[in-house]
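Just below is one structure, and these are the notes that go with it.
The values are calculated or read from the model by the stated rules, or taken from the named source; none is laboratory data. Note that this is a predicted model, so its numbers are computed, not measured. Quick reminder, even Gly has a Cβ in these numbers, built from the backbone with ideal geometry, and neighbours come from all protein chains shown. The protein model used for the area step is the full one, side chains on, heavy atoms only, and it has no ligands, DNA or RNA in it. Shrake-Rupley method; radii C 1.70, N 1.55, O 1.52, S 1.80 Å.
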Amino acid sequence: DVVAFSCKGRGFCPSCGTRRMVDTAAWLVDRVIPEVPVRQWVLSLPYRVRLLCAYDPKVCSAVRRVLVRAVSGYYERAARKKGKRRPRAGAVAFEQRFDSALRLNLHFHIQWLDGAYAWEPGRKVEWCGHDGVSDGDVAKLVKVIRDRVPRCLKRMGKWPDESGGGEDVDGGSDEEQLLLELGAAAVQGRTAQGVRRGEHD
């Protein structure tokens with residue numbers, strides 16, 4: 001059988017996981033990310049969207065695109081305000097599927113170049129650094145992403161419309177419904193019977 005880890009284990013291997021993490025970080029620093037400031041952005045999702053992303057790769061990709069376009073647009077608009085033409089932002093995105101307790105908790109960690117590259121025909125590419133991210137900037141981006149994600153999921157038929165005529169986000173077979181319920185229990189730290197771990201009747 002083919003397994004992911006060199007140790008041939010089928011669970012979580014701290015040694016193999018750390019080696020892959022270090023190799024990926026070295027590759028990004030040496031071959032991918034230029035020598036410019038980098039800022040990490042993290043997107044945490046509501047339970048319902050989190051579960052959809054965890055069980056549907058197409059939904060996960062769509063939500064990631066919404067995030068990338070929103071934050072890239074923020075950087076590119078800032079560069080245009082400084083008179084830069086054709087600015088382009090850059091980022092490397094990672095999906096993390098669990099939290100520190102190994103519960104299902106899909107969220108995104110994205111390393112963004114903290115600025116944008118501007119380009120004009122016949123001229124060299126120019127780096128335009130960002131002045132800084134304020135709480136107000138983050139609040140506006142959260143609102144943009146919060147508004148765009150449901151619209152995107154509705155277009156995909158994965159989110160119920162307000163009239164109740166759309167496809168239910170939890171729709172599907174009994175097996176799929178059970179998976180979603182078990183996933184929700186894992187996210188919330190509850191058992192399948194709805195009792196939070198550590199609590200007693």
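Values as computed for the structure displayed
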read-out: Single condition LEU67 does not satisfy, out of (1) buried (at least 17 other Cβ atoms within 10 Å of the Cβ); (2) free of Cβ contacts under 8 Å to residues at least 24 places away in the same chain; value: (2)
read-out: Subset tally (residues that are among the basic types (Lys, Arg) and not in a helix (DSSP H, G or I)) for the stretch 110-148; value: 2
read-out: Qualifying position, being in contact with a helix residue (DSSP H, G or I) (Cβ under 8 Å, 6 or more places away or on another chain) and among the small types (Gly, Ala, Ser), among ALA54, ALA139; value: ALA54
read-out: Pair list, Cβ < 7 Å and 6+ apart or interchain, from the stretch 91-107 residues that are more than 23 Å from ILE33 (Cβ to Cβ) to residues that are small (Gly, Ala, Ser) and modelled with pLDDT of 85 or more; value: ARG97/ALA54; LEU104/ALA54; LEU106/ALA54
read-out: Answer residue from the stretch 140-154, given it is among the aliphatic types (A, V, I, L, M) and under 15 Å from GLY73 (Cα atoms) and is most open to solvent (accessible area, probe 1.4 Å) among those; value: VAL142
read-out: Residue in the stretch 149-160 that is closer than 13 Å to LEU67 by Cβ and assigned to a helix (DSSP H, G or I) present; value: yes
read-out: Hits in the stretch 30-55 - residues which are part of a helix (DSSP H, G or I) and touching a residue at least 12 places away in the same chain (Cβ under 8 Å); value: VAL32, TYR47, ARG48, VAL49, ARG50, LEU51, LEU52, CYS53, ALA54, TYR55
read-out: Residue check for SER134: within 25 Å of CYS60 (Cβ to Cβ) and hydroxyl-bearing (Ser, Thr, Tyr); value: no
read-out: All positions within the stretch 90-104 that are under 21 Å from VAL71 (Cα atoms) and under 14 Å from the mean Cα position of the chain (by Cα); value: ALA91, VAL92, ALA93, PHE94, GLU95, GLN96
read-out: Inter-residue pairs, beta-carbon under 8 Å, first free of Cβ contacts under 8 Å to residues at least 12 places away in the same chain and in the stretch 108-132, second open to solvent by less than 50 Å² (accessible area, probe 1.4 Å) and of a type outside the set (Phe, Trp, Tyr), 6+ apart; value: VAL125/ALA118
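This table checks each residue for (1) touching a Leu at 6+ places or on another chain (Cβ under 7 Å); (2) closer than 22 Å to TYR117 by Cα; (3) crowded, with 19+ Cβ neighbours inside 10 Å; (4) small (Gly, Ala, Ser).
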position: GLN40; (1), (2), (3), (4): no, yes, no, no
position: ARG48; (1), (2), (3), (4): no, no, no, no
position: CYS53; (1), (2), (3), (4): yes, no, yes, no
position: LYS82; (1), (2), (3), (4): no, yes, no, no
position: ARG103; (1), (2), (3), (4): no, no, no, no
